[in-house]
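**Student:** Have a look at the structure that comes next, please.
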């Protein structure tokens, strides 16, 4: 963890979920100016966008230096992505595995578009670093979450925009339990509590009951992954304390 800020500024892909909130804290611990970007693409769980402002205010309140570094928030409409996607995240359909072995929650091209639009905005805002929550450890096989994909896209963006962007994926090689641990390391129990109470991960867009790990339907793959990660994280804490 780093507490001395680096120059260049960062733009965080900030959905309002557990992973992107952890990435926002990671960026605030490192960069002198941090802006956030969310996308409205007709996602079924659009309620996540409503969590973003609460989370931004909550995370700024955790540390004075984070409040000073947190800059503007941006939201871009990508309706076309939802229109061309026949997936369980953009249609009211049951979550299942599609032909080829990928879950039908995979939105083709989503992260490629997100990072391309993020780079275009960063270009205008004079930001050097792009931060996203892509992860190969808990990624359901999504090809646009792979480290090779992100590295290739960084090369393409730098060539196509003639800028030296750096794409950061701090969660790439850690699982959900370690993501909870990273949040605790960055912002203490207060950040863990903020993520539990105010972030949204559920694919169905259901706030639902308040579980130990947060709100959600408790049944979809995103809720299941978050719940199992939280259970492993708290069990490790309990073992260490005994």
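**Student:** Does the range 120-129 contain at least one residue that is at pLDDT 85 or above, surrounded by 14 or more Cβ atoms within 10 Å (Cβ to Cβ) and in a loop (DSSP other than H, G, I, E, B)?
**Tutor:** yes
**Student:** Output the number of the condition that residue 94 fails; it satisfies all remaining conditions of (1) modelled with pLDDT of 70 or more; (2) assigned to a loop (DSSP other than H, G, I, E, B).
**Tutor:** Of everything listed in (1) modelled with pLDDT of 70 or more; (2) assigned to a loop (DSSP other than H, G, I, E, B), residue 94 misses just condition (1).
**Student:** For the range 203-215, what are the residues that are within 14 Å of residue 19 (Cβ to Cβ) and at pLDDT 90 or above?
**Tutor:** Those that are within 14 Å of residue 19 (Cβ to Cβ) and at pLDDT 90 or above: 213, 214.
**Student:** Moving on. Within the range 206-221, how many residues are surrounded by 19 or more Cβ atoms within 10 Å (Cβ to Cβ), part of a loop (DSSP other than H, G, I, E, B) and at positive phi?
**Tutor:** The number of residues fulfilling the criteria is 1.
**Student:** If you scan the range 115-157, which residues turn out to be over 23 Å from residue 173 (Cβ atoms) and without any contact (Cβ under 8 Å) to a residue 24 or more places away in the chain?
**Tutor:** Scanning the range 115-157 gives a single hit, 124.
The values are calculated or read from the model by the stated rules, or taken from the named source; none is laboratory data. Just so it is clear, the model here is predicted, and its values are computed rather than measured. No Cβ is skipped: glycine too gets one built from the backbone with ideal geometry, and neighbour counts run over all protein chains shown.
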